[in-house]
Amino acid sequence: MTRTPLASAVSRRDFLRVSAIAGGGLLIASYLEPLDAATAVGRSAASDATLNAYIRITPDGIVTIIAKNPEVGQGVKTMLPMLIAEELDVDWTQVRIEQGDLDTKNFQGQVAGGSTATPNNWLPMRRVGAAARAMLVATAAQQWGVPAAECETAKGVVSHRASKRSATYGELATRAATATPPDLATVPLKDRKDFRIIGQRVRGVDTHRIVTGVPMYGIDVTVPGMLYATFVKCPVFGGKVASANVEAVKALPGVRQAFVVEGGTNLNGLMPGVAIVADSWWQAKSARLKLKVIWDEGATAQQSSASFATQAAALAAQPAQRSLRKDGDVDTALAGAARTIKGEYFYPFIAHASLEPQNCTAHMKPDGQLEIWAPSQAPAGGRALVAQTLGIKDTDITVHITRSGGGFGRRLANDYMVEAAWIAKVAGVPVKLLWTREDDMQHDFYRPAGYHYFTGGLDAAGKVVAWRDHFVSFGNDEKSFSAGASIGGTEFPQHFIPNFALDASVMPLGVPTGFLRAPGSNGIAFATQSFIDELAHAAGKDPLQFRLDLLANVQTDSAVAGTQPAPYDAVRARGVLELVRDKSGWGKTPLPRGTGMGVAFHFSHRGYFAEVVKASVSKAGKLKVEKVWAAGDIGSEVINPLNAENQVQGSVQDGLAQALGQEITIDKGRTVQSSFDDFPHIRFADAVPVEVHFLKSAVAPTGLGEPALPPLPPALCNAIFAATGKRVRSLPLSNQDLRWS
């Protein structure tokens with residue numbers, strides 16, 4: 001499928017602001033179309049789009065590019081400036097990158113989430129660079145009295161071959177600041193054959209600073225007169241403070257203040273708790289150990305993982321609460337099927353567990369202005385939450401965006417921001433709030449658990465003729481899902497099976513949930529791709545070829561096809577499957593019992609990925625993942641292949657950690673796990689080799705932070721079945737007995 005580029009309706013005036021900067025130079029700022037306009041064919045961009053990114057060129061020829069989006073490890077602080085620098089036609093060595101603060105007047109889309117940075121900025125950021133280049137060329141042409149069309153650019157220099165004249169961008173920048181900006185609709189962009197930066201392996205702009213320990217994360221922030229704070233919340237979600245020995249805590253060494261925060265009932269906002277403010281973090285943490293709180297635990301204390309499993313089984317045995325999708329006649333097709341297969345699948349709650357715990361520094365000044373330093377993925381949302389909670393205006397809050405030590409969706413919630421702001425307001429001094437590892441693990445917005453009850457029907461030739469999934473999840477009413485707990489009616493394999501039903505039932509939940517890397521897909525892919533593997537083996541078919549055959553079975557019903565805003569592209573899905581088949585040598589070499597290869601694929605966040613896992617299992621049940629092959633289609637360009645490979649490799653290791661041993665267990669309304677000893681990440685010694693391949697297609701480039709993760713858990717579990725004959729229907733694997741004989 002080829003997507004038609006969006007024709008922009010943004011005016012020249014709306015697109016660019018140009019001004020001279022102090023000391024001479026050029027400042028160019030762009031306006032970015034809203035998300036929907038930037039990604040959806042046939043929609044017009046808003047006429048009142050706001051400034052998005054800018055370029056600063058100083059007389060010495062150095063180009064400073066502001067990185068507007070939060071950097072949480074996904075590489076946008078390097079990638080977005082690469083787009084601008086490419087069209088500006090400068091050498092990458094001339095470029096300097098600065099992290100932008102939150103500025104909703106001048107920037108739009110300052111968020112890290114959903115793998116949206118690439119699709120939202122692919123054209124707008126290139127146009128920023130192209131417009132600046134055009135203005136510099138126009139300035140040189142005017143000075144030399146020659147047609148602009150005769151001028152060329154390269155590595156920050158404008159030249160005119162016929163007259164043998166040239167000028168650096170630094171020499172032209174001040175006068176170029178007064179040039180008329182070009183029209184967005186007509187500013188020429190480079191042909192891909194002329195790219196010198198896009199497609200090159202560019203090291204992350206912060207890499208050297210990271211490995212040498214230069215402070216840049218939220219946890220590194222220090223400001224004059226700063227005190228340290230810890231905030232203790234009820235171990236049961238939603239619980240309140242009944243009483244606390246705050247007077248005794250105030251008398252402890254170094255403690256400046258200790259007070260109860262009444263908070264509210266919004267799990268995404270300021271929750272009840274006790275704040276301790278001290279001269280040092282160690283003193284605050286030590287005082288916390290002396291804190292004694294009697295909690296009013298509330299209704300969530302009755303909830304547990306065990307009770308959820310019991311409720312799910314009961315719901316699955318009843319008619320579903322609602323239908324999310326129904327094509328054909330599933331009951332009749334199942335009744336007439338040559339073979340019927342059932343499978344019950346479960347995946348648990350999972351914590352984000354970023355290496356940098358939640359933190360924030362805040363200073364409420366005497367004039368009512370609030371200054372915040374936060375490693376947030378959604379700083380604008382955090383500012384709005386703080387303003388609402390403290391009863392102040394958004395315009396009275398300045399938010400400095402720091403680099404985040406991992407986010408994975410956790411920092412889309414801004415509870416730590418509002419906690420720091422509230423404590424700083426009460427304390428009357430700058431306050432740095434630090435969560436402990438236990439705080440971070442036990443007060444997360446978890447990836448929701450999910451239960452899938454599948455029934456599939458095969459005809460005599462082994463073709464899938466019917467599919468039913470009764471999905472049991474969480475929600476506070478039968479018509480909605482908890483955050484991150486939903487499934488869509490267009491989820492694969494809908495559109496490829498003539499008789500298809502997706503039903504859903506939900507149970508109430510007091511545990512906060514949210515969006516974990518590849519939300520929804522990270523659990524759904526495990527269940528659906530594992531069950532597809534069951535169907536393949538039941539049909540006596542090669543699992544990879546079975547998937548290719550399934551993708552060839554596109555249903556042509558216009559009512560079915562028309563339900564998806566971005567129709568599932570079977571050609572692209574088949575492409576990555578065929579690529580990973582060829583690169584992994586699938587089926588070419590017989591494997592001994594105890595060693596197997598498994599395959600899975602998934603479409604997530606506009607990206608298609610297929611992965612093959614080779615794993616061995618000893619008779620005693622010891623699992624070894626030997627290698628992973630990953631093939632992805634993220635559009636026509638891989639902007640930074642070095643970072644792209646890193647993202648895929650990281651996603652695979654992340655998915656592997658989830659599959660092997662990550663599980664959050666709820667007991668009496670509280671989280672059982674507390675740190676990396678009982679919620680393990682992959683350690684260096686356990687990391688697996690990952691071979692990455694990309695298939696380019698005629699689609700605008702899309703993001704890469706998430707789509708490579710979902711295929712890994714099912715591919716691993718399918719490899720285990722190939723090795724041992726034992727089907728894994730529940731994660732994590734640490735709960736499974738993999739012994740075989």
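What is the number of the single condition among (1) farther than 19 Å from residue 379 by Cβ; (2) assigned to a strand (DSSP E or B) that residue 438 does not meet?
Tallying (1) farther than 19 Å from residue 379 by Cβ; (2) assigned to a strand (DSSP E or B), residue 438 fails exactly one: (2).
Every residue, every condition in (1) part of a loop (DSSP other than H, G, I, E, B); (2) modelled with pLDDT of 95 or more; (3) aromatic (Phe, Trp, Tyr), yes or no:
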| site | (1), (2), (3) |
| --- | --- |
| 132 | no, no, no |
| 153 | no, yes, no |
| 159 | no, yes, no |
| 183 | yes, no, no |
| 187 | yes, no, no |
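Only one of (1) in a loop (DSSP other than H, G, I, E, B); (2) surrounded by 22 or more Cβ atoms within 10 Å (Cβ to Cβ) is not met by residue 619, so which one is it?
Among (1) in a loop (DSSP other than H, G, I, E, B); (2) surrounded by 22 or more Cβ atoms within 10 Å (Cβ to Cβ), the lone unmet condition for residue 619 is (2).
Filter the stretch 487-534 down to residues that are of a type in the set (Ser, Thr, Tyr) and under 17 Å from residue 322 (Cα atoms) and give me whichever is modelled with the lowest pLDDT.
490
Yes or no: residue 486 hydroxyl-bearing (Ser, Thr, Tyr) and over 22 Å from the mean Cα position of the chain (by Cα)?
no
Could you please find all residues in the stretch 669-690 being outside any loop (DSSP other than H, G, I, E, B) and not charged (D, E, K, R)?
Residues satisfying the conditions are 671, 684, 685, 690.
In the stretch 382-393, what residues are closer than 19 Å to residue 108 by Cα and touching a residue at least 60 places away in the same chain (Cβ under 8 Å)?
383, 385
Out of the residues in the stretch 252-293 that are of a type in the set (Phe, Trp, Tyr) and part of a helix (DSSP H, G or I), state the one that is farthest from the chain's Cα centre (by Cα). Break it down into steps so the answer makes sense when it comes.
First, the residues of the stretch 252-293 that are of a type in the set (Phe, Trp, Tyr): 259, 281-282.
Imposing the further condition that a residue be part of a helix (DSSP H, G or I) reduces the set to 281-282.
Numbers: 281: 31, 282: 33 Å.
The selected residue is 282.
Tell me which residues, restricted to the stretch 529-542, are over 23 Å from residue 647 (Cβ atoms) and assigned to a helix (DSSP H, G or I).
530, 531, 532, 533, 534, 535, 536, 537, 538
Checking residue 347 against (1) surrounded by fewer than 19 Cβ atoms within 10 Å (Cβ to Cβ); (2) modelled with pLDDT of 95 or more; (3) hydroxyl-bearing (Ser, Thr, Tyr): exactly one of these is not met. Which one?
(1)
Here's the yes/no breakdown for (1) in contact (Cβ under 8 Å) with a residue 24 or more places away in the chain; (2) surrounded by 15 or more Cβ atoms within 10 Å (Cβ to Cβ):
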| position | (1), (2) |
| --- | --- |
| 186 | no, no |
| 198 | yes, yes |
| 209 | no, no |
| 232 | yes, yes |
| 263 | no, yes |
| 267 | yes, yes |
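Filter the stretch 299-312 down to the residues that are of a type outside the set (Ser, Thr, Tyr) and more than 14 Å from residue 473 (Cβ to Cβ) and list them by number.
Listed by number, the residues that qualify are 299, 301, 302, 303, 306.
Go through the stretch 665-686 residue by residue and tally those that are under 17 Å from residue 357 (Cα atoms), surrounded by 16 or more Cβ atoms within 10 Å (Cβ to Cβ) and of a type in the set (A, V, I, L, M, F, W, C).
Residues flagged as under 17 Å from residue 357 (Cα atoms), surrounded by 16 or more Cβ atoms within 10 Å (Cβ to Cβ) and of a type in the set (A, V, I, L, M, F, W, C) within the stretch 665-686 amount to 1.
Check off (1) under 19 Å from residue 737 (Cα atoms); (2) buried (at least 23 other Cβ atoms within 10 Å of the Cβ); (3) of a type in the set (Val, Ile, Thr) for residue 595 and give me the number that stays unchecked.
Every listed condition holds for residue 595 apart from (2).
Inside the stretch 334-363, can you point out the residues that are in contact with an Asp or Glu (Cβ under 8 Å, 6 or more places away or on another chain), part of a strand (DSSP E or B) and under 30 Å from residue 425 (Cα atoms)? Spell out how you get there, then give the answer.
At the first step, the residues of the stretch 334-363 found to be in contact with an Asp or Glu (Cβ under 8 Å, 6 or more places away or on another chain) are 337-338, 341, 343, 348-354, 357-358, 360, 362-363.
Still in the list and also part of a strand (DSSP E or B): 341, 343, 349-350, 360, 362-363.
Result: 360, 362, 363.
Looking only at residues that are out of contact with any Ser or Thr (no Cβ under 9 Å at 6 or more places or on another chain) and not small (Gly, Ala, Ser) in the stretch 457-471, which one is surrounded by the fewest Cβ atoms within 10 Å (Cβ to Cβ)?
459
Assigned by TED's automatic domain parsing to the domain that holds residue 194, over 22 Å from the mean Cα position of the chain (by Cα) and surrounded by 20 or more Cβ atoms within 10 Å (Cβ to Cβ), is that true of residue 85?
yes
The values are calculated or read from the model by the stated rules, or taken from the named source; none is laboratory data. Being a predicted model, the structure only gives us computed values, none of them experimental. Ideal geometry is used to build each Cβ from the backbone, glycine not excepted, and the neighbour counts take in all protein chains shown.
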